[in-house]
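Reviewing the structure listed below.
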Amino acid sequence: MILDPGMINPLMAGTPGTLLPQPCVLVIFGAAGDLSWRKLLPAVYNLNVDGSLPSNFAVVGFGIGSQGDPDQWIRNRAKEGITRFSRQAIEDDSWADFERSLFYVEGSFSDLKAYEILKTRLDAIDAQFGVPGSRVFYLSIPPTAVPQAVEHLKTAGMVCDPEDKKSFSRVIVEKPIGRDLQSAREIIEAVGRSFAEPQTYRIDHYLGKETVQNLLVLRFANSIFEPLWNQKYIDHVQITVAEEEGLTQYDPTTGEITGSRIGYYENVGALRDMVQNHMLQILCMIAMEPPWSIAPDDIRDAKLGVLRSLRPLTADTIDKSVVRAQYIDGDIHGHGFPSYRQEVRDDFRRRKQPVPPDSTTESFIAMRLFIDNWRWAGVPFYLRTGKRLPKRSSEVAIQFKDVPQVLFNAKPDVPLEPTVLSLRVQPEEGLSLRLASKMPGPKLRIYPVKMEFNYSNSFGGVSPEAYERLILDVMAGDATLFMRRDAVEAAWKFVMPILETWDNAHARYLPEYRAGTWGPLEADRLIESDGRQWRTL
Ligand code: BG6
């Protein structure tokens, strides 16, 4: 369906002709890891079930950790992941079709010999599946491993000339790109030595979410929003990305712990994991100026304008504008969870991974920021994200200014509820507009009502996962939804003063919030000190 040119949304797609995914082998570095297990392999499986993939296509996992026959091992692991996480249930026929094109090459990312083995295997798979040597390398590996991986890919002869007309090599680089501005630049440079910019796709899966893409359509395909979309009418904006999951994931239906991200998250924290990328990208979609055209670079230029207009935070303002915190033990839906510092989990190789007992990695962050341009002067944007919050819920709320204190709003002790446009990113994707309405009856009573649009009611079914859309885009060579180098650097520049201030503070404890609550009191105080409140989700 995605590929029916009649149904392609031209805003996101470039020209329909370039959209078709081209035959290739998708090589997943780190295929045994959590992201591949939960998201990437289920995404490719769903694309296969939907018939969206070319018939000349195969998937090869690359990494360490297999046991016994590597191909059989990855097939078993993929099947387990797909059974748990796929949006479409696994079925015998479709599994058999997928499984026959799934392989694994065991090897270390730092070992050049392993790349030579990988190349030989890829050549054989090309011959078997009729692929013309085209490859998408998905680097689902720690940022520190990226420079060596791309260098070895090039040395082993697996990167073709960007001008090559018969085959292509493309690389997908996962976020976070680096752990600060300096390391991000090093990674970008290192990737640039092996792959040209048009061959490079820096992924932020939030940009592949239907509702995030819809932000642009909503703003620029409807005439009623744009005139109101500025400091004259908007009081403030709240962006929330709340997750129930902590460092370990719990499956409420089976009561099992299903995975661990301790090794990754402990070195990262919420600012690097969610704010530097996903949340700033959402902010760009909300706040950008209308792009010149729908061409990838015009959209990306407009987004960059937002990042460049962010008011820089300084050591003095960070204290008042940013709150970080860590969860302590608590209950979510009747299930007890340990505190952040007590999380322990076996990884897929059955190695114990405890969080250090003195960890000061933040699992929650709330902040107030400003965009210093004509459109947004003086409008605060409040961002909050955290793990082990009461529910999974992501929303952008645009709160409009109060009506004047006359007529229906004349009593300051009973103010009218403000008008709010709420854009729900997940779950129950959709939007609602809260308006004041007269309650039926002889008395004049005003009550807030909601106008609702819900994706599944209007369009039916479950939206494809973001990774499905993005993997197809790479196979088709469409970079619209991927981050350009300048945007990655601009986002790092904005968060660097926060990281530096935190480093200099040498905090031994962070503010705490109980698992299953909406964050620490400090986050409430941050917004309440401006006379506002976090929305109840
Ligand atoms: C990832 C982060 O990028 O996004 C995770 O690394 C987070 O920590 C995840 O849980 C959230 O994605 P989604 O699509 O489930 O909202």
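Report yes if residue 251 is of a type in the set (D, E, K, R) and more than 27 Å from residue 422 (Cβ to Cβ), otherwise no. So residue 251 fits the description; yes. Among residues that are assigned to a helix (DSSP H, G or I), crowded, with 22+ Cβ neighbours inside 10 Å, more than 16 Å from the ligand (Cβ to nearest atom) and not small (Gly, Ala, Ser), residue 212 is not included. No other residue among 469, 484, 434 is basic (Lys, Arg) and crowded, with 21+ Cβ neighbours inside 10 Å apart from 469.
For region 368-384, the candidate set comprises residues that are aromatic (Phe, Trp, Tyr) and assigned to a strand (DSSP E or B); within that set, the residue that is surrounded by the most Cβ atoms within 10 Å (Cβ to Cβ) is 382.
Of everything in region 22-42 that is small (Gly, Ala, Ser) and more than 16 Å from the ligand (Cβ to nearest atom), the residue that is farthest from residue 122 (Cα to Cα) is 32. Can you work out which of the residues in region 413-452 that are among the β-branched types (Val, Ile, Thr) and touching a residue at least 60 places away in the same chain (Cβ under 8 Å) is farthest from residue 236 (Cα to Cα)? Among residues in region 413-452 that are among the β-branched types (Val, Ile, Thr) and touching a residue at least 60 places away in the same chain (Cβ under 8 Å), the one farthest from residue 236 (Cα to Cα) is 425.
Residue 172 passes every criterion in (1) assigned to a strand (DSSP E or B); (2) more than 23 Å from residue 384 (Cβ to Cβ); (3) among the hydrophobic types (A, V, I, L, M, F, W, C); (4) over 17 Å from the mean Cα position of the chain (by Cα) apart from (4). Can you find even one residue in region 295-311 that is within 16 Å of the ligand (Cβ to nearest atom), in contact (Cβ under 8 Å) with a residue 40 or more places away in the chain and crowded, with 21+ Cβ neighbours inside 10 Å? Checked against the condition, which is being within 16 Å of the ligand (Cβ to nearest atom), in contact (Cβ under 8 Å) with a residue 40 or more places away in the chain and crowded, with 21+ Cβ neighbours inside 10 Å, region 295-311 yields no hits at all.
You will find that of 124, 114, the residue that is part of a helix (DSSP H, G or I), touching a Gly at 6+ places or on another chain (Cβ under 7 Å), modelled with pLDDT of 95 or more and over 30 Å from residue 251 (Cβ atoms) is 114 and no other.
Within region 350-365, not a single residue is without any contact (Cβ under 8 Å) to a residue 24 or more places away in the chain, more than 30 Å from residue 68 (Cα to Cα), of a type in the set (S, T, N, Q) and more than 14 Å from the ligand (Cβ to nearest atom). Residue 207 falls short on exactly one of the conditions (1) surrounded by fewer than 17 Cβ atoms within 10 Å (Cβ to Cβ); (2) at pLDDT below 95, and that condition is (1).
Give the residue, chosen from 275, 237, 241, that is closer than 17 Å to residue 39 by Cβ and either of a type in the set (Gly, Ala, Ser) or buried (at least 17 other Cβ atoms within 10 Å of the Cβ) (or both).
Among 275, 237, 241, only 241 is closer than 17 Å to residue 39 by Cβ and either of a type in the set (Gly, Ala, Ser) or buried (at least 17 other Cβ atoms within 10 Å of the Cβ) (or both).
For region 385-403, residues that are within 16 Å of the ligand (Cβ to nearest atom) and outside any loop (DSSP other than H, G, I, E, B) total 6. Among residues of region 193-209 being out of contact with any helix residue (DSSP H, G or I) (no Cβ under 6 Å at 6 or more places or on another chain), part of a helix (DSSP H, G or I) and free of Cβ contacts under 8 Å to residues at least 60 places away in the same chain, the one that is nearest to the ligand (Cβ to nearest atom) is 199.
Name the helices (runs of 4 or more DSSP H) wholly inside region 460-537 in which the number of residues that are under 30 Å from residue 22 (Cα atoms) is 2 or more. Let's see the steps before the verdict.
On the way: elements: 466-476, 485-505, 521-528.
In region 460-537, 466-476, 485-505 are the helices (runs of 4 or more DSSP H) which contain 2 or more residues that are under 30 Å from residue 22 (Cα atoms).
Among the listed residues 345, 272, 311, 300, identify the single one that is under 15 Å from residue 386 (Cα atoms) and of a type in the set (Lys, Arg). Residue meeting the stated conditions: 272.
Keeping to region 224-270, report how many residues are within 14 Å of the ligand (Cβ to nearest atom), within 30 Å of residue 358 (Cβ to Cβ) and outside any loop (DSSP other than H, G, I, E, B).
Result for region 224-270: 15.
Looking only at region 454-481, residues that are within 19 Å of residue 133 (Cα to Cα) and within 16 Å of the ligand (Cβ to nearest atom) come to 1 in all. Of everything in region 404-425, what is in a loop (DSSP other than H, G, I, E, B) and either within 16 Å of the ligand (Cβ to nearest atom) or out of contact with any strand residue (DSSP E or B) (no Cβ under 8 Å at 6 or more places or on another chain) (or both)? Give them in sequence order. 404, 405, 406, 410, 411, 412, 413, 414, 415, listed by residue number.
Only one entry of 365, 398, 318 meets the criterion of being modelled with pLDDT of 95 or more, within 23 Å of residue 264 (Cβ to Cβ) and surrounded by 12 or more Cβ atoms within 10 Å (Cβ to Cβ), and that entry is 365. Checking 188, 172, 125 one by one, the residue that is within 16 Å of the ligand (Cβ to nearest atom), aliphatic (A, V, I, L, M) and either surrounded by 22 or more Cβ atoms within 10 Å (Cβ to Cβ) or touching a residue at least 60 places away in the same chain (Cβ under 8 Å) (or both) is 172 and no other.
The values are calculated or read from the model by the stated rules, or taken from the named source; none is laboratory data. Please read these numbers as outputs of a predicted model, since none were measured by experiment. Please note: Cβ atoms are built from the backbone with ideal geometry, for glycine as well, and neighbour counts cover all protein chains shown.
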